[in-house]
Amino acid sequence: MYDFIIIGAGIIGSIIARELSKYQVKAIVLEKENDVANVQTLANSAIIHSGHNPEPNTLKAKFNVLGNKLYDELEKELNIPILHCGAFVVAHNKEEEEHLLELYENAKINNVPEFELLDYKKAVKSEPNLSKNTTKVLSLPTTKVTNPWEVAFACMENAMENGIEFQKNAEVTNIKYRDKHFIITINNQTKLESLAVINAAGVNSDDLAHMIEKDTPFYIRPRKGEYFVIDRRVKGFINHILYPLPTDAGKGVLLTPQVHGEILIGPNSLYIDDKYNKSVTFEGLDYVKKNAPALAENIPFDKIIHSFAGVRASSNIDDFYIGESKEYKRLYHLGGIDSPGLSAAPAIAKYLLEDIIKIKQSYNKKNNFNPYRKKRIEFHRLPLNEQLELIKQYPTYGNIICKCEKITEKEIVDAIHSKLGSDTIKGIKKRTRAGSGLCQGGYCEEKVMKIIARETSRSPLDTAYDSPKSKIFKAETKVEE
Amino acid sequence: MKKKFICIVCPRGCHITVDDDGTISGNKCIRGIDYVKTEMTSPKRIVTSTVKTIFKELPRVSVKTDKPVPKNKIMEIMKELSKVIITEPMERGSIIIENIMNTGSNIVLTRSCMK
Amino acid sequence: MKRDIIVIGGGASGLAAAISVKKEGKDVLLIEREERLGGILNQCIHNGFGLEVFKEEYTGPEYADIYIEEFNQLNIDYLVNTTVIKFNKIKDEFVLYTSSLAKGIQKYNAKSIIISTGCYERTRGSIIIPGDRPTGVITAGSAQRYLNIDGYMVGKRVFILGSGDIGLIMARRMYLEGAEVLGVAELMPYSNGLTRNIVQCLNDFDIPLYLSHTVTKITSDENNRLKSIVLQKVDDRFKPIEGTQKTFEVDTLLLSIGLIPDIVLLDSLDVEYDKLTKSVKVNQALETQVEGLFVAGNALQVHDLADNVSKESERAGYNAAKYVDNPKRKHKTIKLLSGENISYISPQYIDFAWPESDVICSFRSKGKIEKGLIEVIQGENKVLSKRLMYIVPAEMETFSLKIESLNENEDIIINLEAIK
């Protein structure tokens, strides 16, 4: 019997798992995909917003600002990469300046710790490629960028380190309540039992709730956003995140520097029917391309290396839905966690445990909780003397596999065998960045494939890209059929 | 009726025309004439492929027919090649199948295998 | 230890360059990141190599072998499985850091460098193909490597986007290995590959070629494998025409949509880029704005024939050797400009500080021209006039100039016009 089963290992499920691991609980996280952070958490702008935008006195406003602050502590404890770049909201005329002023006031009410209005002349000093049509900006220095799936990995690894279990490829197919506990069926076969269930299933959180509830107080309205990725070698093109004025559709098409140097352009915003629709479209990307130049000059569209779409778990409510089920005690829902979900995540986890679950009433804190996670070795970023030392111990740090990003064999092997390891091309890409660069894996995918096969003692024919069924190869040649 | 060909003997790809009376024009060298004549009667091609080896460091090694072979025998030749397994080191140019499918052409290695 | 010349890349370009340097009596080290020399030639198991250089037709591996044999006979120093990770010019010398399993991180200094790093393939990410992102969408070169080197088929029902040579060659290759190849689509109204490849790769096997078509949608199945593509005709502005959609049920889409010179190593240097070649600008000696830094082969401009890569790289090697003897030159450059119907010209400069170098110019036309006239004009002077037949963008053309016939003060423009 578990104390808690968490369903969903995106950023929300992972960070809740970590919070839970501070208590003496028996808990497991179930994830239907073949990896942590494989859906929403993998496809967003990666921004930790300042909290200037949400409607005051909403959970979104409260937790955005609090979450932003909590990331400072998370950065130190988990050694996650954070780019402290700040942001500008860009206005081009008197009308937009009025709107900017409203945002300014909103930031004040929301208790955003730092913000100020700057005119173009001042703003352009620290942002030389700022659009020439800019008249005024709202500067938001506490805005940051992170690597969302690495945050999720870090939280989940730390949670596992502190005793939480994790199972991937585990789709919840049924939830029942009997004798004061829940019975969760996984993949139509295995049954697990738990005193409490935490629904952190993202776009599927309403479907999951409907497995047991008659009337769930929220439903998901999936909203797609498409992005371009610009090669990191244009680093320095912009220094801040650039926002346009927000509209009802959302924050708009942004320009966002990423922690490794790439620039994201996007997203657009489109309500869709199919939750699993991750396709990019001409219209979507056209929209992004048309709106981005309002923010900056000389956008290097010719350096685009990738485009992708992400789905937001927007809901019919304008705020986060975080609460206990009205029908079943100890079933907790996290519904409609769209933007600023990533920013608010640390605060959401604390709120859920302390205010909703009231966990301290039932469980003691662990006295051996270890909050720390060692920094992942990004070999190419180390100073030369450290590199030489490490190579002496592990010569495979000398074997460059991904030439574009300078990722070494040792990093890849470690990513395969780590506690939250992966044996897929995509899993290795997420953990090490091999294949994320200019040639998008053209050079290294074959090498990564061979290392995976070697390290898992399997045939290269078995190598999967993402889900176990997504194999790269169809057949071997020269084999009689 | 005029017949039009693109010669494939070299990367130049001369556009060659054959008139009703058999006059050949458009070729930049004499090989084009032979090509077109053969192409009209029994088209031939060089076949390049790979064969399997037992060597982990070199699981496949590239091969070719050392002479052009009839176009209509290509798929049969491919089938024969899929039965080959190289089990010992061999030099580039080694013949691994003599007179494949009775075409008068041999299958030769186009690179050395573990040598 | 300070080397005279380091060649980065051990494929067709690097081999020819290093051999040339050694023959000029200079010290040279070649660095290759793969485990064998030969570069892309190793996976180009088809014919078409050596007709110009050796007057005989060879397959890629044979062509590579011939160079590797000469390379070894000359006892040229080289490293394999070694990647250059950092590269800079400090004062008068080049400083390189390499990384390898065998030697860890090493530092090298050289008086001169030849960049022979070839190309990488354009991927789906840089063009927009709407739709899902399943497995089964892969560049033709990657599929070629998996097939010819490792022995794996990436799919069984194949469609190919792009009629460049790699796409055409792979159409035939996949067919011969038992795949169904349903067609090749080309955005342009003409093929991008060598004409002979249309015949021996497509026509021979009745593989249809859809000119002025492109792929406008990719759909995946429940296992996130490619399930189908939509092909659409495009108008003369390359916009898809509504109503021309055709669906193909395939499990593999090979992308042969362009090669891009791999010159990332030059990021930290003060080189000048050419948007047209997607590489760096050079003078007729194949030297960049950074003195002693030479670029040759596919890293300089995308070639169609390995023979031309070898010839160009041989010149680069020769010039690098001359540079080492005489590094301090008083530069006096004029520009070479692309005029009518010229898509790009290489070199982009003629430097009169390089009298010992031939001036061999290569260019590509903007469109198909059956009968053309090339004119090279400097000011009032017509320096060269040459007739050419069957000019297509897919086939690089060359001509040479005598530096004595040029003046040092005026830029040169190259025009190509169609004639009757």
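The values are calculated or read from the model by the stated rules, or taken from the named source; none is laboratory data. All values reported here derive from a predicted model rather than from experimental measurement. Ideal geometry is used to build each Cβ from the backbone, glycine not excepted, and the neighbour counts take in all protein chains shown.
Could you check region A:33-62 and list, in sequence order, the residues that are crowded, with 22+ Cβ neighbours inside 10 Å and over 15 Å from the mean Cα position of the chain (by Cα)?
Of everything in region A:33-62, those that are crowded, with 22+ Cβ neighbours inside 10 Å and over 15 Å from the mean Cα position of the chain (by Cα) turn out to be A:SER50, A:GLY51, A:HIS52, A:ASN53, A:PRO54, A:LYS60, A:ALA61.
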Q | Matching option when the condition is surrounded by fewer than 23 Cβ atoms within 10 Å (Cβ to Cβ) and either among the polar types (S, T, N, Q) or within 11 Å of chain C (Cβ to nearest Cβ) (or both), among A:SER459, A:SER422 | A | A:SER459
Q.
Out of A:TYR351, A:TYR332, A:TYR363, I need the residue that is under 23 Å from A:SER194 (Cβ atoms), hydroxyl-bearing (Ser, Thr, Tyr), within 24 Å of the chain's Cα centre (by Cα) and not in a helix (DSSP H, G or I). Which one?
A. A:TYR332
Q: Could you tell me which of the residues C:ASP251, C:ASP221 is surrounded by fewer than 18 Cβ atoms within 10 Å (Cβ to Cβ), within 11 Å of chain A (Cβ to nearest Cβ), more than 25 Å from the chain's Cα centre (by Cα) and among the acidic types (Asp, Glu)?
A: C:ASP221
Q | Within region A:171-201, tally of residues that are surrounded by fewer than 21 Cβ atoms within 10 Å (Cβ to Cβ), in contact with a strand residue (DSSP E or B) (Cβ under 9 Å, 6 or more places away or on another chain) and assigned to a loop (DSSP other than H, G, I, E, B) | A | 5
Q: Enumerate the strands (runs of 3 or more DSSP E) found wholly within region C:97-152, keeping only those where 2 or more residues are within 7 Å of another protein chain (Cβ to nearest Cβ).
A: C:104-115, C:119-121
Q.
I'm trying to understand the selection: among the residues of region A:377-403, which are more than 7 Å from chain C (Cβ to nearest Cβ) and either under 27 Å from the mean Cα position of the chain (by Cα) or β-branched (Val, Ile, Thr) (or both)?
A. A:ILE377, A:GLU378, A:PHE379, A:HIS380, A:ARG381, A:LEU382, A:ILE401, A:CYS402
Q.
Here is a list: C:PHE87, C:PHE49. Which entry is closer than 28 Å to C:GLY104 by Cα and of a type in the set (Phe, Trp, Tyr)?
A. C:PHE87
(Q) Between a residue in region C:49-64 that is farther than 18 Å from B:ARG45 by Cα and more than 10 Å from chain B (Cβ to nearest Cβ) and any residue that is acidic (Asp, Glu) and assigned to a helix (DSSP H, G or I), which pairs come within a Cβ distance under 6 Å, given they are 6 or more apart or on different chains? (A) C:VAL53/C:ASP307
Q: Kindly provide the set of residues from region A:306-329 that are surrounded by fewer than 22 Cβ atoms within 10 Å (Cβ to Cβ) and more than 16 Å from A:ASN199 (Cα to Cα), ordered by number.
A: A:HIS306, A:PHE308, A:GLY310, A:ASN316, A:ILE317, A:ASP318, A:ASP319
(Q) Take the residues in region C:156-179 that are in a helix (DSSP H, G or I) and of a type in the set (Gly, Ala, Ser); name whichever of them is surrounded by the most Cβ atoms within 10 Å (Cβ to Cβ). (A) C:ALA171
Q. If we keep just the residues of region A:118-140 that are in a loop (DSSP other than H, G, I, E, B) and in contact with a strand residue (DSSP E or B) (Cβ under 8 Å, 6 or more places away or on another chain), which is nearest to A:SER194 (Cα to Cα)?
A. A:GLU127
Q: For region A:431-450, indicate whether the set of residues that are more than 7 Å from every other protein chain (Cβ to nearest Cβ) and touching a His at 6+ places or on another chain (Cβ under 7 Å) is non-empty.
A: yes
**Q.** Residues within region C:97-136 that are buried (at least 22 other Cβ atoms within 10 Å of the Cβ) and of a type in the set (A, V, I, L, M), tallied
**A.** 5
**Q.** Checking B:VAL9 against (1) in contact with a Phe, Trp or Tyr (Cβ under 8 Å, 6 or more places away or on another chain); (2) within 11 Å of another protein chain (Cβ to nearest Cβ); (3) not in a loop (DSSP other than H, G, I, E, B), the condition it does not meet
**A.** (3)
Q. Taking region C:191-206 on its own, how many of its residues are in a loop (DSSP other than H, G, I, E, B) and either surrounded by fewer than 21 Cβ atoms within 10 Å (Cβ to Cβ) or without any contact (Cβ under 8 Å) to a residue 24 or more places away in the chain (or both)?
A. 1
Q. Tell me, which helices (runs of 4 or more DSSP H) wholly within region A:375-481 include 3 or more residues that are hydrophobic (A, V, I, L, M, F, W, C) and at pLDDT 95 or above?
A. A:384-393, A:409-417, A:445-455
Q: Would you check which residues across region C:19-33 are more than 14 Å from every other protein chain (Cβ to nearest Cβ), under 22 Å from the mean Cα position of the chain (by Cα) and touching a residue at least 60 places away in the same chain (Cβ under 8 Å) and list them?
A: C:ILE19, C:SER20, C:VAL21
Q: Output the residues belonging to region C:281-324 that are out of contact with any strand residue (DSSP E or B) (no Cβ under 6 Å at 6 or more places or on another chain) and free of Cβ contacts under 8 Å to residues at least 24 places away in the same chain.
A: C:GLN289
Q: Taking the residues in region A:75-84 that are out of contact with any helix residue (DSSP H, G or I) (no Cβ under 6 Å at 6 or more places or on another chain) and in contact (Cβ under 8 Å) with a residue 24 or more places away in the chain as candidates, determine which candidate is nearest to A:ASN162 (Cα to Cα).
A: A:GLU77
Q. Being in contact with a helix residue (DSSP H, G or I) (Cβ under 7 Å, 6 or more places away or on another chain), outside any loop (DSSP other than H, G, I, E, B) and modelled with pLDDT of 90 or more, is that true of even one residue in region A:236-247?
A. no
Q. What pairs come up if the first residue lies in region C:375-386 and is on the phi > 0 side of the Ramachandran plot, the second is among the charged types (D, E, K, R) and surrounded by 12 or more Cβ atoms within 10 Å (Cβ to Cβ), and their beta carbons are under 7 Å apart, counting only those six or more places apart or on different chains?
A. C:GLY379/C:GLU410
Q) Taking region A:12-66 only, how many residues are part of a strand (DSSP E or B) and within 30 Å of A:SER139 (Cα to Cα)? A) 2
**Q.** Unmet requirement for B:ASN72, which otherwise passes all of (1) within 11 Å of another protein chain (Cβ to nearest Cβ); (2) in contact with a Lys or Arg (Cβ under 6 Å, 6 or more places away or on another chain); (3) not acidic (Asp, Glu)
**A.** (2)
